[in-house]
Structures are given as C-alpha cells and as structure tokens.
Amino acid sequence: MPNVESYIEGVSLIDEQQLTTSLDNDIQTSLESIAELVLNIFDTSALSIVANLPQRIIELYKFGSKITVAKEQLPNDVFSESIIESNPKIFRVISPIILPSGLKFGWFIFDRASDSLLTEKEQSILNSLQKNFVNQLVQRKKQLEKINSSKFHSTIFEQNKEDEIEKDHLLKKLQKVSDELDEFTSIASHDLKSPLNAIKRLLEWIYDDCKDLLPQEHLENFQLVLSRANRMQVLLEDLLSYSRINSCDSTRANISLESIYQDVEQILEVPQTVTVDIHANNEVLDIPLIPFKTVFQNLISNAIKHNNKEHPVIDISLIPSNQYYIIEIKDNGPGIDPKYFSLIFKLFQTLQSRDDVEGSGIGLCIANKLIINYRGKIEVASDGKLGSTFTIYWPKF
C-alpha cells in the first residue's frame with residue numbers, strides 16, 4: 001500500500017528529536033519553484049512545506065523564520081487560515097496536500113502580511129500550485145517504479161543467467177566425475193580379469209592333480225574357492241558392462257522379439273526345463289539393438305535364475321501402444337515382496353544369498369539404467385507369492 005515515504009528518497013532518524021530526509025532532484029526543483037511563487041504572490045514572510053510521516057511531520061522545504069506547528073494542530077484535509085499576529089495583521093495559511101489516492105502527503109504552511117483573508121482568486125492560485133506539485137510527485141513516483149521494476153527484472157535476469165552458468169558448470173563437473181568413475185571401473189575390471197583368470201586356472205590344475213589324493217572335505221573347499229572365483233569373474237564382466245552403458249552402440253535395427261530371443265537363448269544357454277512363450281505376432285520393432293537386447297537378456301536371465309519351480313515358465317508379450325513398445329515379461333517364480341521393488345534395481349542388490357543363487361546383483365541395475373537413458377521406464381508387479389511381471393516401456397521415437 002502506498003505511503004508518504006515512497007514519494008521521497010529516504011528518511012532517517014538522527015536522534016530522538018530530529019528526522020532528516022532527501023528528495024529527488026526533480027521534486028526539489030519543483031518545491032523551490034512553487035515556494036518562490038508563493039513568496040511573491042502572497043507576500044510571504046515564512047514558509048514551510050512538510051510531509052506527513054507516521055512518526056511525525058518532517059520539513060521538506062522552509063523559508064524565513066521557523067514555523068512551529070504541532071501535528072495535532074494540522075487539519076487532515078481542510079484548508080485553514082487564521083490570524084497569528086494582530087498589529088500588523090499576519091495570517092497563517094495551512095493547506096493540506098492530498099494525493100489522488102486520498103493519501104495525505106503533507107501541508108503547505110506559510111505566514112503572510114495582509115489586511116484580509118485570501119480571496120477566491122488567490123485560493124484558486126494556491127490550489128493550482130498544489131496540484132502542480134501533486135502531479136510532479138505522482139509522475140516522479142511512476143518513473144521511479146518503472147526504473148525499479150526494470151532494475152528488478154534486470155537483477156532477476158542476471159541472477160537467472162548466473163544460475164544457468166552455475167548449473168551448466170555443475171553438470172559438466174558431474175559428467176566429468178561420472179566419466180572418470182566409468183573409466184576407473186572399466187580399467188579396474190579389465191586389469192583384474194587377467195590375474196583372476198590365472199588364479200582360476202591354477203586352482204583348476206591343482207584340483208585336477210589332487211582330486212584323488214585329498215579327502216572329500218578338502219575337495220569341497222576347493223570347489224568353494226572355484227565357485228568364488230567364478231562369481232568374481234561374473235562380477236567383473238557385469239561391472240565392465242555397467243561402465244560401458246553410456247558408450248553403448250545405439251545403432252538401430254528392425255527386428256522382432258522372436259529373433260531377439262533366439263540370440264539371447266543361445267547366449268544364456270536356456271535349460272530344456274524352461275518354457276518360454278512369446279506373444280508378439282512377429283511384429284517388427286525399430287530399436288537400438290544392443291541396448292535393447294542387453295535389457296531383454298538381463299530380464300530373462302533374472303527370471304530363469306531366481307525361479308524355484310521344477311518347470312519354469314516365462315511369458316513374453318508385446319502390448320499395442322502408440323508411444324511405446326510395451327513388453328511384459330512374466331514368470332511363475334517365487335515372486336517379489338512389494339517392499340523390495342525399489343531395492344531390486346540398485347547396484348549389487350540381491351534378494352537371495354549368492355551362495356544359493358549365483359549373481360552379481362548388477363543385471364537389473366544395468367537394465368534400468370539403459371531404459372532410463374533411452375527415456376523409457378520399467379515397472380514390476382508381484383504379490384510376493386505367485387511370480388513376477390516386469391513391464392518395459394521403450395519409446396518408439
């Protein structure tokens with residue numbers, strides 16, 4: 001809500017008895033011009049133009065001897081004229097300055113020597129001078145508001161620009177850290193593969209040489225060590241795959257789910273006891289082949305690996321959609337408790353002991369990351385008892 005302070009540049013308290021203020025140069029010039037006219041037209045001996053601040057009145061301009069008037073003696077919106085000296089007659093004129101909004105800005109107060117009150121013509125002249133001053137105040141305030149608004153928007157623009165630069169800097173820094181981490185993972189995994197393979201071969205040779213000499217308990221320990229070596233080998237291979245996700249070949253191909261599964265079946269060496277039914281009518285998909293096949297392979301491997309049934313069954317369905325290739329992969333395994341839905345897509349997370357089910361805990365994480373990289377999503381549904389359904393939403397465009 002507008003107040004008197006918004007029409008003048010600044011108000012400060014010098015001490016408990018004194019206030020000071022400063023005016024815009026244009027307003028100060030206008031005050032001086034009006035004061036000069038009042039002095040000449042009304043034969044004024046003393047003049048004071050005051051502003052009506054909440055704390056008290058404050059003098060904006062004065063001429064001649066000091067005019068002291070208590071705020072309580074000043075009429076809010078009524079012109080007044082009274083005799084303060086009788087010989088010679090000195091009249092004190094108090095004229096309120098009221099803005100178009102109804103805000104009482106202040107007063108013109110002046111003393112003049114005269115034998116009579118102001119005439120109608122003189123009052124009209126005084127009104128005109130005040131209107132001129134009021135117009136100056138209003139116009140100057142509008143200009144200040146435009147300037148302040150321009151400064152505000154300029155500040156916001158500069159701030160947004162700085163924020164964008166900082167955001168871009170942080171994104172580049174984050175990308176650099178991510179690239180360095182992927183590079184480290186790739187190098188570490190690659191460099192570990194060779195000594196691990198050597199250890200694994202050495203253990204196999206020792207086992208072959210000593211299997212007829214060692215007691216059963218020692219042979220079981222050898223088998224346990226070999227199992228751990230195999231697990232480490234799988235982990236390194238999966239870490240390499242994870243580190244290469246962002247540089248994965250995105251070459252597109254037109255191919256059916258049936259054809260993709262034929263390749264995956266050979267890679268996974270799907271056991272004869274597993275039944276896989278595909279309901280896709282040989283529809284051709286336009287997809288980045290390697291990323292999609294990696295996702296598809298990891299989800300089928302997961303469905304086989306964690307199935308505890310004697311005859312695992314996996315149903316794969318392609319559901320019609322305009323925006324996505326929607327693929328459902330449903331199994332008849334033990335299911336997943338809903339409280340673990342968010343956990344299964346995290347790195348190195350498995351719901352079963354690795355001694356019971358071999359796995360690195362990276363497969364679903366790789367699938368999820370690849371799908372997100374291609375602006376898709378994956379969902380899981382299960383009651384924790386009667387199998388699980390993984391649904392892939394792969395964008396068509």
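Return the residues of region 32-90 that are open to solvent by 50 Å² or more (accessible area, probe 1.4 Å) and among the hydrophobic types (A, V, I, L, M, F, W, C); say none if nothing qualifies.
If the condition is that a residue be open to solvent by 50 Å² or more (accessible area, probe 1.4 Å) and among the hydrophobic types (A, V, I, L, M, F, W, C), then L37, I41, F63, V78, F79, I83, I84 are the ones that fit.
What are the residue pairs meeting all of these: first residue in region 287-316, first residue farther than 14 Å from I327 by Cα, second residue open to solvent by 20 Å² or more (accessible area, probe 1.4 Å) and hydroxyl-bearing (S, T, Y), Cβ atoms under 6 Å, and 6 or more apart or on different chains?
From region 287-316, the pairs are P288/S250; H311/T273; V313/T275.
Condition test on E328, is it out of contact with any helix residue (DSSP H, G or I) (no Cβ under 7 Å at 6 or more places or on another chain), without any contact (Cβ under 8 Å) to a residue 60 or more places away in the chain and charged (D, E, K, R)? Let's see the steps before the verdict.
On the way: out of contact with any helix residue (DSSP H, G or I) (no Cβ under 7 Å at 6 or more places or on another chain): yes; without any contact (Cβ under 8 Å) to a residue 60 or more places away in the chain: no; charged (D, E, K, R): yes.
Criteria not met by E328.
Within the group L386, L364, L347, L351, which residue is crowded, with 21+ Cβ neighbours inside 10 Å and at pLDDT below 95?
Details: L386 fails: crowded, with 21+ Cβ neighbours inside 10 Å; L347 fails: crowded, with 21+ Cβ neighbours inside 10 Å; L351 fails: crowded, with 21+ Cβ neighbours inside 10 Å.
The match here is L364.
Could you check V134 against (1) out of contact with any strand residue (DSSP E or B) (no Cβ under 7 Å at 6 or more places or on another chain); (2) under 30 Å from S30 (Cβ atoms) and say which number it fails?
(1)
Among the candidates K200, K211, K161, which residue alone is under 29 Å from the mean Cα position of the chain (by Cα), surrounded by 10 or more Cβ atoms within 10 Å (Cβ to Cβ) and modelled with pLDDT of 75 or more?
On inspection, the qualifying residue turns out to be K161.
Output the number of the condition that V264 fails; it satisfies all remaining conditions of (1) surrounded by fewer than 18 Cβ atoms within 10 Å (Cβ to Cβ); (2) more than 36 Å from the chain's Cα centre (by Cα).
Evaluating V264 over (1) surrounded by fewer than 18 Cβ atoms within 10 Å (Cβ to Cβ); (2) more than 36 Å from the chain's Cα centre (by Cα) leaves (1) as the failure.
Yes or no: region 130-148 includes at least one residue that is open to solvent by 70 Å² or more (accessible area, probe 1.4 Å), basic (K, R) and farther than 23 Å from S80 by Cα.
Yes, region 130-148 contains a residue that is open to solvent by 70 Å² or more (accessible area, probe 1.4 Å), basic (K, R) and farther than 23 Å from S80 by Cα.
Considering only region 110-169, state which residues are acidic (D, E) and either part of a helix (DSSP H, G or I) or under 28 Å from A51 (Cβ atoms) (or both).
Step one: of region 110-169, the residues acidic (D, E) are 111, 115, 120, 122, 145, 158, 162-164, 166, 168.
Selection gives D111, E120, E122, E145, E158, E162, D163, E164, E166, D168.
So L103 clears everything in (1) in contact (Cβ under 8 Å) with a residue 60 or more places away in the chain; (2) hydrophobic (A, V, I, L, M, F, W, C); (3) touching a strand residue (DSSP E or B) at 6+ places or on another chain (Cβ under 7 Å) except one condition, right? Which one?
So the condition that L103 fails would be (3).
Pairs, please: C-beta under 8 Å, at least 6 apart or cross-chain, first residue free of Cβ contacts under 8 Å to residues at least 24 places away in the same chain and in region 196-225, second part of a loop (DSSP other than H, G, I, E, B) and open to solvent by less than 90 Å² (accessible area, probe 1.4 Å)?
Hits for this filter: F222/L214.
Anything in region 117-126 that is open to solvent by less than 80 Å² (accessible area, probe 1.4 Å) and free of Cβ contacts under 8 Å to residues at least 24 places away in the same chain? List them, or say none. Outline the logic, then answer.
Narrowing region 117-126 to residues open to solvent by less than 80 Å² (accessible area, probe 1.4 Å): 118-119, 122-126.
Within region 117-126, T119, S124 meet the criteria.
Out of the residues in region 238-250 that are modelled with pLDDT under 70 and either among the charged types (D, E, K, R) or over 24 Å from P291 (Cα atoms) (or both), which is surrounded by the fewest Cβ atoms within 10 Å (Cβ to Cβ)?
So in region 238-250, the residues modelled with pLDDT under 70 come out as 238-244, 246-247.
Now narrow it down to the ones that are either among the charged types (D, E, K, R) or over 24 Å from P291 (Cα atoms) (or both): 238, 244.
Details: D238: 21, R244: 16.
Of everything passing the filter in region 238-250, R244 is surrounded by the fewest Cβ atoms within 10 Å (Cβ to Cβ).
The values are calculated or read from the model by the stated rules, or taken from the named source; none is laboratory data. Fair warning: this is a prediction, and the values are worked out from it, not measured in the lab. Neighbour counts are summed over all protein chains in view; Cβ atoms, including those assigned to glycine, are modelled from backbone coordinates with ideal geometry. Surface areas here come from the heavy atoms of the whole protein model, side chains and all, with no ligands, DNA or RNA. Shrake-Rupley method; radii C 1.70, N 1.55, O 1.52, S 1.80 Å.
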